[in-house]
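Input: a single structure, listed below in structure tokens.
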Amino acid sequence: MSRIALHGVTIHYDDLGPSDGPPVVLIHGHPFNRSLWAPQATALGAAGYRLITPDLRGYGDSGVTPGTVFLSDFADDIAALLGHLGVERAVVGGVSMGGQIAMEFQRRHPQRVRALVLSDTSAPAETAEGKEFRNRLADRLLAEGMDGYASEVIDKMIAAYNVAAMPGVAAHVLGMMRATDPRGAAAALRGRAERPDYRDTLAAVEAPVLIVVGADDVYTPVAAAEDIRRLVPHATLAVIEQAGHLPGAEQPERFNAVLLDFLTSHVPHRATDRA
Ligand SMILES: O=C(O)CCC(=O)CC(=O)O
């Protein structure tokens with residue numbers, strides 16, 4: 001684990017795998033942390049890729065900036081982290097809110113994106129109803145803490161059948177949610193409520209794009225992934241069976257196979273991308 005002070009906060013991150021491998025950044029969702037990507041670390045490293053996984057500000061070991069944190073703040077943190085690491089261009093991917101941050105990164109720093117990986121996410125701006133929900137949830141988490149929310153949503157974060165069948169995965173996901181600082185979660189909820197519509201950005205993307213979705217995701221169902229696919233005709237779409245909103249955790253072997261297949265085709269090892 002490493003850390004860096006940037007934009008007024010300390011960001012913790014892992015930088016794993018061969019340092020001269022093509023860099024891949026994977027961004028966790030809400031309310032998780034970089035340990036979400038533990039099942040990807042070994043597989044990517046063994047295949048020769050460098051994997052950089054930050055704890056977003058307000059999550060995991062990173063510092064908290066209470067109030068409102070916009071997806072643009074998260075994207076700029078990642079750009080600064082890559083600058084610190086001497087990485088000019090990278091594969092940038094994420095799950096759910098992390099996928100939206102990857103789209104925001106593409107919007108703000110398109111020249112730094114070698115390829116995009118969008119797992120279980122959606123491109124449109126928040127609806128009026130969604131904004132109200134996120135702002136209410138932010139108030140609730142600040143008042144009550146994370147425990148009640150974590151118990152309520154575990155069977156949507158991973159497929160309900162996996163909660164029983166995969167107690168280790170369920171415990172990990174619950175543990176990440178419960179350990180999140182409510183001030184960090186609330187700040188991200190408020191900022192995410194204000195996110196822009198990413199559909200125009202996606203329609204203009206020339207970089208390779210991988211869209212992944214759990215077959216039984218109830219938050220961002222397969223239809224949301226198909227909507228993204230329609231915007232990006234050159235994208236690859238993979239549906240992961242026996243998974244919900246977090247296929248990288250629920251079905252790591254299937255998820256890793258799809259990811260590595262995409263990387264091998266579109267991001268070969270020869271290029272080094274160090275600045
Ligand atoms: O609140 C939602 O939109 C679904 C849950 C979620 O955001 C999880 C995540 O960001 O990974």
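If you average the sequence gap of Cα pairs under 8 Å that are 6 or more apart and divide by the length of the chain, what percent do you get for the contact order? Present the calculation step by step, with values, prior to reporting the outcome.
Numbers: 599 pairs, mean separation 62.2, N = 275.
Value for the chain: 23 percent.
Could you tell me the calculated FRET efficiency between GLU144 and ASP20, based on Cβ-Cβ distance and R0 = 45 angstrom, to the nearest 0.05?
After rounding, the FRET efficiency stands at 0.45.
Long-range amide H contacts for ILE240: which residues qualify at under 5 Å (H placed 1.01 Å from N, peptide plane, sequence gap of 5 or more or a different chain)?
VAL213, GLY214, ALA215
Per residue of segment 86-101, in order, report the coupling 6.51 cos²θ - 1.76 cosθ + 1.60 (Karplus, θ = phi - 60°) as ³J(HN,Hα) in whole Hz, putting x for Gly and Pro.
Per-residue couplings from phi come out as x, 9, 7, 9, 8, 6, 10, x, x, 10, 6, 4, x, x, 5, 5 Hz.
Would you mind calculating the gained length between GLU88 and ALA223 on full extension (0.36 nm times residue separation, minus the Cα-Cα distance), in nm to one decimal?
On the way: separation 135, 0.36 × 135 = 48.60 nm, distance 3.36 nm.
Separation in residues times 0.36 nm, less the Cα-Cα distance, equals 45.2 nm.
Through the Karplus equation 6.51 cos²θ - 1.76 cosθ + 1.60, θ set to phi - 60°, convert the phi angles of segment 219-227 into ³J(HN,Hα) values in whole Hz; use x for Gly and Pro.
7, 10, x, 3, 4, 5, 5, 5, 4
Could you derive backbone 3J(HN,Hα) for segment 250-266 from the dihedral phi with the Karplus parameters 6.51, -1.76 and 1.60 (θ = phi - 60°), listing whole Hz in sequence and x where the residue is Gly or Pro?
With coefficients 6.51, -1.76 and 1.60, one gets 7, 10, x, 5, 5, 4, 5, 5, 5, 5, 5, 4, 5, 5, 4, 6, 10 Hz.
Please list the non-local residues whose amide H lies under 5 Å from the amide H of GLY17, H modeled 1.01 Å from N, same-chain partners needing a gap of 5 or more.
HN-HN under 5 Å from GLY17: LEU51.
Subtract the Cα-Cα distance of THR264 and ALA165 from 0.36 nm times their separation in residues, and report this length gain in nm to one decimal. Present the calculation step by step, with values, prior to reporting the outcome.
Values: separation 99, 0.36 × 99 = 35.64 nm, distance 3.17 nm.
Stretched out fully, the THR264 to ALA165 stretch lengthens by 32.5 nm.
Would you kindly calculate the translational diffusion coefficient of segment 2-266, applying Stokes-Einstein with the Kirkwood radius from alpha carbon pairs, for 20 °C and a viscosity of 1.002 mPa s, and quote it in µm² s⁻¹ without decimals?
Numbers: Rh = 18.1 Å.
Using the Kirkwood radius from Cα pairs, D works out to 119 µm²/s.
Just flag the chymotrypsin sites (Phe, Trp or Tyr not before Pro) in segment 116-206 sitting in loop per DSSP whose Cβ has no more than 10 other Cβ atoms within 10 Å. Walk me through the intermediate numbers first.
Working: sites: PHE133, TYR149, TYR161, TYR198; in loops: TYR198.
Those that pass, being in a loop and sparsely packed, number zero.
Suppose the chain between ALA80 and GLU253 were pulled fully straight at 0.36 nm per residue; how much longer would it get relative to their current alpha carbon spacing? Don't skip to the answer; put the middle values down first.
On the way: separation 173, 0.36 × 173 = 62.28 nm, distance 3.13 nm.
Extra length from ALA80 to GLU253 when fully extended: 59.2 nm.
Bear in mind these aren't lab numbers, they're just calculated from the coordinates by the rules spelled out. Worth saying up front: this structure is predicted, and the values here are computed from it rather than measured. Backbone-built Cβ (ideal geometry, glycine too); neighbour counts: all protein chains shown.
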